[in-house]
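Asker: After the structure tokens below, expect a handful of questions from me.
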């Protein structure tokens, strides 16, 4: 009964096994969709991941090279830029967790910030000093186009946010964007927004 299943496959149907999967890695000079990120303050909070900072978001830890510069980089464990995602289930899980962590920290005595969901609209042009990389299905990072210091990167991102993003308080954003209405990460319907 299972003998045919164990035979080697030959012919045209065998080629699908050897086909290379499409890479989602791409770079963009404009936002291909409306993308979001959660931040506790309006300023860019990226930090050197070598210094384990429990008070900061893990996703905001980036790799600073030995020469003190931040280089564009995409890897499975760290991205060298600000994480942005469309309104998908994964994005909601990340940002709701970040907001919960923030609220818990404030309850435990940490100073309150001005948390918000940053939104950057589809079609927004990205300055030449930055590049938006699509790393996975629905994961994007805004990284330096050329090596720069961490301080310069944070200043560049903060300037970009102040000019081209809108910030919505978390409670308001979460009320307007219920989890069950979020897109599936691999559906790409979010590209139309």
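Read-outs throughout are calculated quantities, based only on the coordinates presented, and are distinct from any laboratory measurement. If you're wondering where the values come from, they're calculated on a predicted model, not measured in any experiment. Please note: Cβ atoms are built from the backbone with ideal geometry, for glycine as well, and neighbour counts cover all protein chains shown.
Asker: At R0 = 35 Å, how high is the FRET efficiency between residue 100 and residue 66 if r is their beta carbon distance? Nearest 0.05 is fine.
Answerer: Step by step, r from the Cβ atoms, then E = 0.45.
Asker: Now, a different point. What distance in nm lies between label points placed 7 Å from Cα along the C-beta direction at residue 107 and residue 75?
Answerer: That separation, rounded to one decimal, is 3.5 nm.
Asker: Would you mind calculating the gained length between residue 168 and residue 122 on full extension (0.36 nm times residue separation, minus the Cα-Cα distance), in nm to one decimal?
Answerer: 14.9 nm
Asker: Right, here's the next one. At what distance in nm do the modelled label points of residue 187 and residue 30 sit from each other, each positioned 7 Å from its Cα along Cα→Cβ?
Answerer: If labels sit at residue 187 and residue 30, their model points lie 2.5 nm apart.
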